[in-house]
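Single-structure report; data block below.
We did not get these values from a lab; they are worked out from the coordinates using the rules stated. All values derive from a computational prediction rather than experimental measurement. Here Cβ is always computed from backbone atoms with ideal geometry, including for glycine, and neighbour counts include all displayed protein chains.
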Amino acid sequence: MTNKVYVTRKIPEPGLSMLSKECKVTLNRKSSVPSRTEIIRNIAGKDALLCMLSDRIDAEVMDAAPDLKAISSYSTGFEHIDVKEATARGIYVTYTADILAEATADLTFALILACARGIVNADRYVRENKWKVGWAPDLMLGYNVHGATLGIVGLGRIGAAVARRARGFNMKILYHNRSRNQQLESELGVRYAELDELLAQSDFVSIHASLNSQSRSLIDKAKLQLMKKTAFLINTARGQVVNEAELVRALKGNQIAGAALDVFEKEPLPRTSPLLKMKNVVLLPHIGSATYQTRSKMAEVAARNLLNILNEKYPDPAFLVNPQVKSVRPLKN
Ligand code: GLV
């Protein structure tokens, strides 16, 4: 019997055709996030789900699909899925792991450079016809990136890819992580620091921690107060790792020099957010992995993960979120 799959958003090729060749696909063709009611209605009777980071997949959703065997997320984060609940039900959960690390590190570096050199404000200045005097000795002065200190919070795959780029800029690199990684320290030339020390010494603090109970609101009022007045905070991980209201206060009070954010506590960023009115912030709409090449590769990996499970083949362990599920429901091959 043909497997039935629900895909919550239109993903790039070759993902969709890989799925359509082998399965009956129900696809949300709209360019908006499906509502909870839509997800529950569409997942009914399905064998597998291909979802996005914006879809909350919990017990109630799983209840609606008693035959569900696989949840494949088109993302590297998986905090939107109740993994414990899925494991208990014998549902395999997969993600796209490090496929997007390099693209996200590229964007992180674009943000470091954008906030250090005021790129966005400078572009507006030219467009708004404010550039009247030609070259000027003190026009739009920014900060050096080369030779500055970069503090990486979370030295996972993305953090490490950022560190590799920072070496090319001759930056001094500090990192903080739940556990020290001495192999990476010598490979990347990075130094471990306690979070407080990292915050106090860095000119650029870049967040790469995944979201969990320990990292939620990790950068709060007290932590922001440790940062230099000339420092910038860059976040391409998850908005909830930084207390946004406290960040706004720190920016308004010129307690730090600025911030560059690709992620927010609430997405899309509410129109009432004070961040929208601030000159010392750069705001992006969660596009860390958004390159043609990376999104296409993510789609391929997400589709292959899902198909492997439906074909009773174990997915590549690098993409399996819950290896414990193997003992709950072993696959045939
Ligand atoms: C992006 O934020 C992702 O988790 O894929």
Subject >> Yes/no for L199 being closer than 16 Å to I234 by Cβ and buried (at least 22 other Cβ atoms within 10 Å of the Cβ) >> reply: yes
Original post:
In this structure, does A48 turn out to be surrounded by 16 or more Cβ atoms within 10 Å (Cβ to Cβ) and touching a helix residue (DSSP H, G or I) at 6+ places or on another chain (Cβ under 6 Å)?
Top reply: yes
Original post:
Which ranges mark the helices (runs of 4 or more DSSP H) fully within the range 33-149 that have 2 or more residues being within 14 Å of the ligand (Cβ to nearest atom) and farther than 24 Å from Y292 by Cβ?
Top reply: none
Original post:
Scanning for something touching a residue at least 40 places away in the same chain (Cβ under 8 Å) and within 16 Å of the ligand (Cβ to nearest atom), does the range 161-183 turn up at least one residue?
Top reply: yes
Subject >> Filter result (within 22 Å of L310 (Cα to Cα) and under 15 Å from the mean Cα position of the chain (by Cα)) within the range 82-98 >> reply: Y95, T96, A97
**OP:** Could you tell me which residue of the range 216-237 is nearest to G118 (Cα to Cα), considering only residues that are among the β-branched types (V, I, T) and within 16 Å of the ligand (Cβ to nearest atom)?
**Re:** I234
